[in-house]
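First up is the structure itself, then whatever we jot down about it.
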Protein chains: 2
Amino acid sequence: MADYDTEEEFLKHYNVRQYDLPLATVDMAIFTVQDQQLQVLLVKRALHPAKGQWALPGGFIDMKKDQSLSDTAYRKLKEKTGVDTPYLEQVATFGNASRDPRGWSLTVSYFALISSDQTTLSMDSRSEEVAWVPVTQVGELELAFDHEQILQACHERLRAKVQYTSVPVNLMPEVFTLVELQKTFEIILGSPIEKKSFRRRIADADILEETGEMKSGPSRPAKLYRVKNKGENYFFTRLMEGAR
Amino acid sequence: MADYDTEEEFLKHYNVRQYDLPLATVDMAIFTVQDQQLQVLLVKRALHPAKGQWALPGGFIDMKKDQSLSDTAYRKLKEKTGVDTPYLEQVATFGNASRDPRGWSLTVSYFALISSDQTTLSMDSRSEEVAWVPVTQVGELELAFDHEQILQACHERLRAKVQYTSVPVNLMPEVFTLVELQKTFEIILGSPIEKKSFRRRIADADILEETGEMKSGPSRPAKLYRVKNKGENYFFTRLMEGAR
DNA sequence: CACATAAGTGGCTTTAAGCCACTATTTGCT
DNA sequence: AGCAAATAGTGGCTTAAAGCCACTTATGTG
């Protein structure tokens, strides 16, 4: 490669197109809790490759539309769910020569958490099939590419975080009761949590405020809460072990 | 885009070169502890862009040489330090339109931990300058691109992990004493650790074995230890808070 | 052979989780 | 009206692991 005196000079002669570059995509696991289960959004691929297979929503970084990686993630999320204020977290990047038949490719994975009342699924422009699938049943589906591995990484990250952060509050609707919140934690954790321990932690974290309203049912009404500072999440100094 | 009946047909007509793709690189923070300080390996860039500035070692994914992302990381590490058995962990991926003057680019960052006795720095083929720099002094250097931000992410990840994992053992030489190990933890944490607490944790984790040898100095000799299962690391259920 | 020095331990305190029974507040049935 | 069923929410003890800090141990040195 020729050398140039100034960076300006160098850049004038620089042409990205002369290099072989890996394909770069963003894929995401969009989680919600519905029907007492952790569900993930999947799309049935309308185009080659892996046409007809279920996959995580995602796609190429659009260098025109997207100023940054997270823009790509937000754009995809909006396309599939209509939601534009999720909790979003980057998980890991998978890249190798064999994961996509089109050649060396790399995908940056994110997980998003949304409340089940925030979204009604929308068929997107290419009218793909879109569906919520319980994560426990994804195994039966043979996801495209290495998406099962990606989903597993996202799921593991979420499951780890339920043990030491308040992140799962991002799966809740605007207002909710402590019992509903605990149930959400338990669904992600996959095992019951001791009530007193749970409530102490949430109280100590000081992340909720009472709405003043109550939720009434066929028994004692429960106080309704709201998240204090949406987006911030609290880290505990100890893992929640789960009960029994 | 035309549609094809089979994936085979589709792939035959697929040409990556027709798309605009972001530049894809791997950058790494290679850490070691020397002179009672956490140090990071930096290289002075020999070529444009950012010629002459200090930067994290890294470079383009070589689709010929590298079968996967971590191959790129291992290759770069070997080039700069001669080390080929580090502790390596992916941290995060940074990608946007402005971080590199050549255009939309994305970099996957890793941190590596090596023992200071494992390496003698080697000038690589392009004879760049290479140096260990205490992380506390990197601020004075004006790193290239967004490498300061990348380094910060790597450093934060390492600092978080010292509080709840045994990861820092990967910075130790083959054999070492418990006091030396504690000192390493303290250097990363940036504050002293209570001796008894530290030793209890290490003992409970059951990750070390005695060599049978002692290290003698001008006072009571200390038992020498070796890591039991290199590469595995232990997760504690509580954070180490640090003393005083 | 005392003494300085650093390695390593004993034993109490503190913090936050686990356990589980108890009280509180509502609806609905008789 | 009164009582049972059901779920919300609390009191108070136990347990696990970290913090604290003084004490004992083993070695080289003057």
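A few remarks follow.
- Measuring r between the beta carbons of A:S191 and A:K12 and using R0 = 56 Å, the FRET efficiency lands at 0.35.
- In order along region A:210-216, the phi-based Karplus estimate (6.51 cos²θ - 1.76 cosθ + 1.60, θ = phi - 60°) of 3J(HN,Hα) comes to 6, 7, x, 8, 10, 9, 9 Hz; Gly and Pro are listed as x.
- Globularity index of region A:163-227, i.e. its alpha-carbon radius of gyration over 2.2 N^0.38 Å: 1.08
- What the Kirkwood sum gives for region B:19-161 is a hydrodynamic radius of 15.3 Å, with every pair of different alpha carbons counted.
- For region A:134-148, the Karplus equation 6.51 cos²θ - 1.76 cosθ + 1.60, evaluated at θ = phi - 60°, returns couplings of x, 4, 5, 9, 5, x, 6, 9, 6, 4, 5, 6, 9, 5, 5 Hz by residue, with Gly and Pro reported as x.
- Label separation (A:Q118 vs A:Y19): 3.6 nm, computed from points 7 Å beyond Cα along the C-beta direction.
- For A:L38, residues with placed amide H under 5 Å, excluding near neighbours: A:V135
- Once the C-beta distance of A:E174 and B:M214 is scaled by a Förster radius of 45 Å, the resulting FRET efficiency is 0.10 to the nearest 0.05.
- 15 Å Cα-Cα reach of B:K12 towards aspartates and glutamates, excluding residues that sit fewer than 8 places from it in its own chain: A:D100, B:D3
- Over chain A, equivalent-ellipsoid semi-axes from the Cα gyration tensor in Å: 39, 21, 17
- Bins of 20 Å from zero: percent of alpha-carbon pairs in the protein assembly as shown: 20, 49, 28, 3
- Region A:98-170 shape via C-alpha gyration tensor axes, a/c threshold 1.5: oblate
- In this structure the amide hydrogen of B:T165, modeled in the peptide plane, comes within under 5 Å of the amide hydrogens of B:F236, none closer than 5 places in sequence on its chain.
- Built amide H within the under 5 Å cut-off of B:A92, gap 5+: B:S109
- With 27 Å as the limit on Cα-Cα distance, the pairs of A:K76/B:K64; A:K161/B:K78; B:K44/B:K183; A:K228/B:K195; A:K76/A:K230; A:K64/B:K161 that go past it are A:K76/B:K64; A:K161/B:K78; B:K44/B:K183; A:K228/B:K195; A:K64/B:K161.
- Using a 7 Å projection from Cα along Cα-to-Cβ, the label point at A:Q34 is separated from the same position in the remaining copies by 5.7 nm, smallest value first.
- GluC sites (Glu not before Pro) within region A:153-182: DSSP coil, no more than 14 neighbouring Cβ in 10 Å: A:E174
- Label 7 Å beyond Cα on the Cβ vector: B:T85 copy-to-copy distances, nm: 5.3
- Between identical copies, the spacing of A:K196 label points, each set 7 Å from Cα toward the C-beta atom, reads 2.8 nm from nearest to farthest.
- From phi via Karplus (6.51, -1.76, 1.60), per-residue ³J(HN,Hα) for region B:89-99 in Hz, x at Gly/Pro: 9, 6, 10, 6, 10, 10, x, 6, 7, 10, 6
- Of the trypsin sites (Lys or Arg not before Pro) found in region A:60-96, the ones in coil according to DSSP and having at most 14 other Cβ atoms within 10 Å of their Cβ are A:K64, A:K65.
- Region B:19-161, relative contact order in percent, only Cα pairs under 8 angstrom and at least six apart counted: 33
Read the figures in this text as sums done on the coordinates, not as results from a lab. Everything quoted here is computed from the prediction, not taken from an experiment. All Cβ positions, even for glycine, are placed from backbone atoms using ideal geometry, and neighbour counts span all protein chains on display.
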